[in-house]
1. Within the stretch 179-197, which residues are outside any loop (DSSP other than H, G, I, E, B) and in contact (Cβ under 8 Å) with a residue 24 or more places away in the chain?
2. Go through (1) buried (at least 19 other Cβ atoms within 10 Å of the Cβ); (2) in contact with a Ser or Thr (Cβ under 6 Å, 6 or more places away or on another chain); (3) closer than 30 Å to F155 by Cα for A375 and report which single condition fails.
3. For the stretch 43-60, check the following and say yes or no: at least one residue is in contact with a Leu (Cβ under 6 Å, 6 or more places away or on another chain), surrounded by 20 or more Cβ atoms within 10 Å (Cβ to Cβ) and not acidic (D, E).
4. Looking at the stretch 328-346 only, could you name the residues that are within 18 Å of H61 (Cα to Cα) and touching a strand residue (DSSP E or B) at 6+ places or on another chain (Cβ under 6 Å)?
5. When both residues are 6+ apart or on different chains and their Cβ atoms are under 6 Å apart, which pairs have a first residue that lies in the stretch 322-348 and is closer than 20 Å to G281 by Cα, and a second that is among the charged types (D, E, K, R) and surrounded by fewer than 18 Cβ atoms within 10 Å (Cβ to Cβ)?
6. Go through (1) touching a residue at least 12 places away in the same chain (Cβ under 8 Å); (2) more than 26 Å from H261 (Cβ to Cβ) and name the single condition N298 misses.
7. Looking only at residues in the stretch 138-158 that are in a loop (DSSP other than H, G, I, E, B), in contact (Cβ under 8 Å) with a residue 24 or more places away in the chain and over 15 Å from D169 (Cα atoms), which one is farthest from the chain's Cα centre (by Cα)?
8. Which residues, taken from the stretch 67-94, are of a type in the set (F, W, Y) and closer than 14 Å to G55 by Cα?
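The values are calculated or read from the model by the stated rules, or taken from the named source; none is laboratory data. Note that this is a predicted model, so its numbers are computed, not measured. All Cβ positions, glycine included, derive from the backbone under ideal geometry; neighbour counts span all protein chains shown.
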Amino acid sequence: MKLLIASLLASVTLTAAQAADIVATGDLGLVVERADGSLLLVDRSDRAAIGRIEGLGDLSHASLVYSPDERFAYVFGRDGGLSKVDIVEQAVVARVIQAGNSIGGAISDDGALVAVSNYDPGGVRIFDADTLEMVADIPTGSKTIGLVDAPGRRFVFTMWDSGETWIADLSGDTPEIKKIPDMGANPYDALITSDGRTYITGLFGEDGMTALDLWQDAPEPIRVLPGYGRGAEELPVYKMPHLEGWALAGGEFVLPAVKHHQVLWVDATTLQETGRTETYGQPVFAMARPDGRHVWVNFAHPLNDTIQVIDTLTKQVVHEFKPGPAVLHMEFSPRGNEVWVSVRDAGKVMIYDTASFEKLGEIDAASPSGIFFTARAHRTGL
C-alpha cells in the first residue's frame, strides 16, 4: 500500500510539474513594433506585455495570421519576408525572403498553407505552413492586393494594374485558377465575409466598389456604390483605407470612403446604399464591435489623433476622443468588451472599455501599429 501511495504521489507531482509548463494562448496577442522589426507579446487578461520577439525585418506595413491551434503566427513583412513565430517559445522558428516587396497574406482554412501577395515581383506565392517550403508560385504580372482565404482551401486576390480578381483552388495536386476580369480601375484592398460568400474590393481609380458572390460557380462582378463621390470635391489621400478592418453591423456593411470624409453604409444582402455618415477625417479603419452595436473609426494623417464611435441604429457619431498622435490600428477583444488602440507616436497601446469609453490601461511599445489577438485564428478572412 505504501508503494502504491508513493507511486500515486509521484504521478501527481509529475502531472503538476508538466502543467506548470503549459501555456494557454487564447488570451494572447501580438503587437507589431514597426520601428524595431519586433513583435510585442501581450496578455489580454493581465493587460500587459509578457515578451518581445525580434529579428523580423521591415515591419513598416506588416500583418500576420495564426495557425489553428493559436501557437504559431505567420508574419508578412514589407521586405518580402515570411516569418513563422512560436508565441509559446517566443522565438522565430523559420524565415524566408520570398519577394522584394510584400503586402500581406492569408492562411488556408485547414491551416496547411500560407499565401503571400506581392508588389515586387507581383503575384502570389504559397508555402507549406509547417516548413515554409514553397509549394506554388502564381505570377500575375501585376501588384497583387486583397488576398484572403476562402472555404475549400482557396485563396482570392486582386490585381492593382489589370483590375482582375483570381480565385486559386489549392484543394488538388496543382492550383486551379479562375480569373474574373472587369473588377474596376486600380483595386486597392478587399474583404471577405465571415461565411466566405461575399468578396468586396475597393477601387482607387474610380468611385465605387465591386463585389463577387463566391457561392456562384462563375462569379460575375457586381458594382457597389458606383459614383458615390460624384459632384463632391475630392480630397488628397494621405493613407489608403483598409477594407480588412471592415464592419458588418446589423445587416449592413460600413465601408470607408476614398477621397471623402465619410463612411458608407450598404445593405449586406442587396448591396444597395443605405446611408452615409460624415466623419472627422478620411477613414482608414471602420471596425464594428463584435456585437455590431457600434462602429469605431480612425483617420489618416494629419487627422490621425482621433477616434469616432458611430451608433449603428442612428448612423450618428456618439463619441469622439483623442488617444494621442498617430492612431494606427484598433483590435477588439473577442466578445467586444475592450478595444486596444495602437498610438504610434506616443509609443503606447491604450486599452478602453467599449461601453463606458473609460481608459483601462496602457502598455509601452516601440512605434506600435497592427494589433492581432489569437482569436483571429478562427475567423475567415483575418
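1. I180, P187, Y188, D189, A190, L191, I192, listed by residue number.
2. (2)
3. Yes, because at least one residue in the stretch 43-60 is in contact with a Leu (Cβ under 6 Å, 6 or more places away or on another chain), surrounded by 20 or more Cβ atoms within 10 Å (Cβ to Cβ) and not acidic (D, E).
4. Those that are within 18 Å of H61 (Cα to Cα) and touching a strand residue (DSSP E or B) at 6+ places or on another chain (Cβ under 6 Å): L328, H329, M330, E331, V341, S342, V343, R344.
5. P325/D345; A326/D345
6. Only one criterion in (1) touching a residue at least 12 places away in the same chain (Cβ under 8 Å); (2) more than 26 Å from H261 (Cβ to Cβ) is unmet by N298, namely (2).
7. Of the stretch 138-158, the ones in a loop (DSSP other than H, G, I, E, B) are 139-143, 151-153.
Subsequent filtering for residues that are in contact (Cβ under 8 Å) with a residue 24 or more places away in the chain retains 140, 143, 151-153.
Keeping just the survivors that are over 15 Å from D169 (Cα atoms) gives 140, 143.
On the way: T140: 23, K143: 19 Å.
The extreme case among them is T140.
8. Y74, F76
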